[in-house]
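Engineer: Quick one: structure below, then a few questions.
Nothing in this text is a laboratory measurement; each read-out follows from the coordinates by a stated rule. In this text, all values refer to a predicted model and were calculated from it rather than measured experimentally. We place every Cβ from the backbone using ideal geometry, glycine too, and count neighbours over all the protein chains shown.
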Amino acid sequence: MRWKGRKQSTHVEDRRGTTVRGGGRPLAGGAVGGLLFALFRRGSGKTKMIMIVGVIAACLIFKINPISLFMSVPGGTSQVVQNSYTPSAKEQEMLEYLKTLKGDNEIIWQKILASEGIRYRPAKMVVYRERTTTPGGIADAQMGPFYLPVNETIYIDPSFFNELATRFGAEGDFAQAYVIAHEVGHHIQKLLGLTDKVHSQQGRISKTDYNQLSVRLELQADFLAGVFAHHAQEKFNFLERGDIEEAMRAAEAIGDDRIQKHSQGHVQPDLFTHGTSAKRKRWFMRGFESGRLADGDTFSIRYTDL
């Protein structure tokens, strides 16, 4: 992937030189952490209990230590302090890469949304190491990249990309670009009003039905990542041989069925929240081949046909 030399985003905050000590209110984990927090803030007691059970189930599926996600009781205190971190040349290049990809997304989505008569505002990106603070509590590196709707911010510890390559066999700079574009896709959904519509159904429908809404939201974010790639290729000519295959390997690696099979030896479709590997690949490619927002309505298609 050709990425050097282009305009970088000014909406990226580098927190790698700080760390969080002590407790503080924790943030629910995983790539849906932002979604869970937004729901938890306004949910009823019953809704909160359902969410807690759901997070515990997610910990079992993804083999995440629950203690790392619920590190303290509400009302605890935390302190952000400077650390002795000095980035290596490779780590600093990663920051430059993230700034460039974020800038690419801003340029492309501003143009796309303007053509649809939709007001665009860029999301913020926070790059951190190990732990950082959010409006919802403490974010932990084990949670992976996520978008927090409440403050329209993407949080990412770049060490996730090492795990993506070594644990899931999805290496390459365009595999990383797919991940970033997917999270930006969630921001576009927020701007389109789709995120709030999905959130509003929490507690009003069954857990299985809500999980299906989550799958629709995630597959659409994959589609939007493909739409970005389509238009970015037209504008920047940034793709190299094998880049799309890198994105496909990343999409396959993080499909619900693949992760469940890897972690527990069997698949439970009712617990899907992101979609199967095949569907994630298919929706990314649909966006990449089409480039049209109108072709990505995952909410009007029968669930079994997604």
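Engineer: Just grab the label-to-label distance for Arg121 and Asp14, each label 7 Å out from Cα along the Cβ direction, in nm (one decimal).
Structural biologist: Taking the simple label geometry, Arg121 and Asp14 are separated by 2.7 nm.
Engineer: Give the long-range amide H neighbours of Thr134: residues separated by 5 or more places, or on another chain, with amide H under 5 Å away, using H modelled in the peptide plane at 1.01 Å from N.
Structural biologist: For Thr134, the qualifying residues are Ala139.
Engineer: Cβ neighbours within 10 Å, averaged per peptide: list 196-204, 106-114, 146-154 in order, most packed at the top. Walk me through the numbers on the way to the answer.
Structural biologist: Numbers: 196-204: 14.4, 106-114: 17.7, 146-154: 20.8.
In decreasing order of mean packing, 196-204, 106-114, 146-154 become 146-154, 106-114, 196-204.
Engineer: Percent relative contact order of segment 183-296, based on C-alpha pairs within less than 8 angstrom and at least six residues apart? Can you show the working numbers first?
Structural biologist: Working: 139 pairs, mean separation 41.2, N = 114.
Averaging sequence separation for qualifying contacts and normalising by length gives 36 percent for segment 183-296.
Engineer: Straight-line reach from Lys207: which lysines have a Cα under 28 Å away, not including same-chain ones fewer than 8 places off?
Structural biologist: Lys46, Lys48, Lys63, Lys190, Lys197, Lys261, Lys279, Lys281
Engineer: Mind giving me the FRET efficiency for Ala114 and Ile301? R0 is 35 Å, r the Cβ-Cβ distance, nearest 0.05 is fine. If you can, show how the numbers build up before the last one.
Structural biologist: Working: r = 27 Å, r/R0 = 0.78.
Calculated transfer efficiency: 0.80.
Engineer: Count charges around Thr18 for me, please; just the other residues with Cβ under 13 Å from its Cβ, Lys/Arg as +1, Asp/Glu as -1. Mind dumping the intermediate values first?
Structural biologist: Working: positive: Arg15, Arg16, Arg21, Arg129, Arg131; negative: Glu13, Asp14, Glu130, Asp157.
Here the charged neighbours net out to +1.
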